[in-house]
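Enquirer: One structure is given below, represented as structure tokens, and several questions about it will come after.
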Amino acid sequence: MSALSYYTPTWTGFINYLGEIFPKELMPVGEAPEKTAEESSEEVLKKPVYKPKPVPKINGKSIHTRWYWPFAIGILSAEAVALYAVLFVKLRMATGIFMVLYGILSGLCITAGYHRLWAHRAYKASRPLEVFLAMFGASSIQGSIIWWVQNHRLHHRYTDTERDPYNIKRGFWYAHHGWILFRRKEEDLGYADMTDLHANPVVVWQYKYYFFICGFTSLVLPTVICGHFFGDWMGGFFWGAVARLVGVQQVTFCVNSVAHTFGTQPYSDEQTPRDNWITGIITLGEGYHNFHHAFPNDYRNGVRWYDVDITKWMLWSLEQLGLASNLKRFPRNEIMKGRAAMKLKNAEKFAKRIDYGTPIDELPMFTASEFVAEVRERGKKWLVIEGFIYNIEEFIKMHPGGPKLIMSGIGKDMTNAFNGGVYNHHYSARNLMNSTMRVGKII
């Protein structure tokens, strides 16, 4: 277990398996910063969060270039094969149905397993469920649990910053696809606590045998099922295996890109995550991303009953069957506080775009005698309501009650008549008067 205290991305392990290119000792990905008595919290955060080992070399040349070649070759090759399938390989109905169903299974093992169970500890899973999620979570080739969760925890800790692995501020394409093709500089990596997963035997087992599990569940199993049961060996490989896993990958990537660009922010606008119901559908519930970033440990992403969060419903069902337990729910009152705060904030933004007339503290002041003089000597069409002076000259002909009634109030205090003595006026009338007719205040 000591050698597994910290992990590198799983493609390092893959290269180890292929040719012992790297040393067998796993390279650390991060160390928690140690705070001294003299240092403030801000000073600690500014310090480098880990010290990487020297970059391994082959024939004197660094293997770490701008492109993250192991991932780039794997991802781009799979996408090329999937494109070939679309263009040249016939899709049989039985194989197509299998591809969709197995794709949903693969996606659910990412959303319910990699994401909500291991990245956020939103519930507890029984050991059989953990093994199942670990096995078939590997079927879409998104890396081991260790690698996936490490990046995701960094994403939550450093959202929208340079230490965010899929930082949307670098561009839509980078957040969607580019981040996995280009290796970040070692000094740019942050620290994520992974001790809980290092102590999990299922996670360690999946990491140790990841490429065998991945190869079987992603390529061998779907090919054999389609070939044996449907007589479609070629379709099983090209559609059931490769096209399916590429589709699941692209859908997962949409959470990093689409859900940080398009949609609403009903709980917080401090960062880029957004709720997007379309993304919610295709990602099996992960598209309600604004809620998720505000309340990351909640087992639900779509918190409202009508939100299409298939993963949420699956976990609730597993709880009823005794396979999952301790499903975490953020208190409803606190969730509503978030919604209320954003509604108020958005209302304030909206109100700033509205003309409410001259602010009260900028209105000219008139004594009662000055007001009377303006009406009698200068012929102003003014009246008083609740201490404010209104010029009704251009409104007389538009008055819904007729010109005679409103003209009878010129030079008078019409507060009682305005508030129900003659007619109890609505807010619309008050708003119109305040923004277009209010000219002064009585002192």
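The values are calculated or read from the model by the stated rules, or taken from the named source; none is laboratory data. Computed from a predicted model, the values in this text were never measured in an experiment. Neighbour counts are summed over all protein chains in view; Cβ atoms, including those assigned to glycine, are modelled from backbone coordinates with ideal geometry. For the accessible areas, the whole protein counts, side chains as well, though only heavy atoms, and no ligand, DNA or RNA atoms are used. Shrake-Rupley method; radii C 1.70, N 1.55, O 1.52, S 1.80 Å.
Enquirer: Net charge near Glu374, counting Lys/Arg +1 and Asp/Glu -1 over other residues with Cβ under 14 Å of its Cβ?
Expert: +3
Enquirer: Order the following by accessible area, largest value first: Trp239, Trp205, Trp313, Trp305. Probe radius 1.4 Å; ligands, DNA and RNA are ignored.
Expert: Final ranking, largest accessible area leading: Trp305, Trp313, Trp205, Trp239.
Enquirer: Between the alpha-carbon centers of region 107-183 and region 270-343, tell me the distance in whole angstrom.
Expert: 17 Å
Enquirer: Okay, next question. Once both labels are modelled 7 Å past Cα along the beta-carbon direction, what's the Met365-Lys397 spacing in nm?
Expert: It is 3.8 nm.
Enquirer: Quick one: with all protein chains in place, what share of the accessible area of region 243-367 is carbon or sulfur, to the nearest percent (1.4 Å probe)?
Expert: Ligands and nucleic acids excluded, carbon and sulfur give 62 percent.
Enquirer: Give the shape of region 285-347 as rounded, prolate or oblate, defined through the alpha-carbon gyration tensor: a ≥ b ≥ c are the square roots of its eigenvalues, a/c under 1.5 means rounded, and otherwise the shape is prolate if a/b is larger than b/c and oblate if not.
Expert: prolate
Enquirer: Using only Cα atoms, what Kirkwood radius does region 257-411 have, in angstroms?
Expert: For region 257-411, inverting the mean 1/r across all distinct Cα pairs yields 20.6 Å.
Enquirer: Between Phe262 and Glu162, what is the label-to-label distance in nm when each label sits 7 Å out along the Cα-to-Cβ direction?
Expert: Between Phe262 and Glu162, the simple spin-label model gives 3.1 nm.
Enquirer: Taking only the Cα atoms of region 347-389, how large is their convex hull per residue, in Å³?
Expert: 99 Å³
Enquirer: What is the sum of charges around Val131, taking Lys and Arg as +1, Asp and Glu as -1, for the other residues whose C-beta is under 15 Å from the C-beta of Val131?
Expert: Residues near Val131 contribute +2 overall.
Enquirer: Still on this structure, please answer the following. What are the ³J(HN,Hα) values, in whole Hz, obtained from phi via the Karplus relation 6.51 cos²θ - 1.76 cosθ + 1.60 with θ = phi - 60°, for each residue of region 406-411 in sequence order, with x given for Gly and Pro?
Expert: Whole-Hz 3J(HN,Hα) from phi for region 406-411: 6, 5, 5, x, 4, x.
Enquirer: Let me ask something else about it. Please list, in order, the residues from region 131-159 whose amide nitrogen is less than 20 Å from a point placed 7 Å along the Cα→Cβ vector of Tyr209.
Expert: 131-148
Enquirer: I've got another one for you. Considering amide H positions built from the backbone, and no H for Pro or chain starts, which residues 5 or more places from Phe182, or on another chain, come under 5 Å of its amide H?
Expert: Those lying under 5 Å, H to H, from Phe182 are Tyr68.
Enquirer: Something else about it: Work out from phi, with θ = phi - 60° and the Karplus expression 6.51 cos²θ - 1.76 cosθ + 1.60, the ³J(HN,Hα) of each residue of region 362-371, listed in order in whole Hz, and give x for Gly and Pro.
Expert: 9, 6, x, 9, 10, 7, 4, 5, 5, 4
Enquirer: When the Karplus curve 6.51 cos²θ - 1.76 cosθ + 1.60 is applied with θ = phi - 60°, which whole-Hz ³J(HN,Hα) does each residue of region 158-171 get, with x for Gly and Pro?
Expert: Residue by residue, region 158-171 yields 10, 3, 6, 10, 5, 8, 6, x, 10, 4, 5, 5, 7, x Hz.
Enquirer: Once you order the gyration tensor axes a ≥ b ≥ c over the Cα atoms, which shape class does region 135-260 get: rounded for a/c under 1.5, otherwise prolate or oblate by comparing a/b with b/c?
Expert: Here region 135-260 falls in the oblate category.
Enquirer: If you stretched the chain out fully between Val100 and Arg170, how much longer would it get, using 0.36 nm times the residue separation minus the C-alpha to C-alpha distance?
Expert: In short, 22.0 nm is gained.
Enquirer: Further, regarding this structure: Please report, in Å, the Rg and the Dmax of region 66-115, where both are computed over Cα atoms only.
Expert: Both quantities, over Cα of region 66-115: 14.3, 42 Å.
Enquirer: I'd like the FRET efficiency for Asn333 and Asp196, computed as 1/(1 + (r/R0)^6) with the beta carbon distance as r and R0 of 35 Å, rounded to 0.05.
Expert: For R0 = 35 Å, the calculated efficiency reads 0.75.
Enquirer: Filter Lys381/Lys404; Lys352/Lys441; Lys208/Lys328; Lys381/Lys441 down to the pairs with a C-alpha to C-alpha distance above 20 Å, please.
Expert: Lys352/Lys441; Lys208/Lys328
Enquirer: Mind running the shape call on region 350-443? Use the C-alpha gyration tensor, a ≥ b ≥ c as the square roots of the eigenvalues: rounded below 1.5 for a/c, prolate if a/b tops b/c, oblate otherwise.
Expert: Oblate shape, in that a/c is at least 1.5 and b/c is the bigger or equal ratio.
Enquirer: Next question, about the same structure. Treat each spin label as a single point 7 Å out from the Cα along the C-beta direction, and report the Trp69 to Arg378 distance in nm.
Expert: 8.5 nm
Enquirer: May I ask for the net charge around His292, where only other residues with Cβ less than 12 Å from the Cβ of His292 are counted and Lys, Arg are +1 while Asp, Glu are -1?
Expert: Once positives and negatives cancel, what remains is -1.
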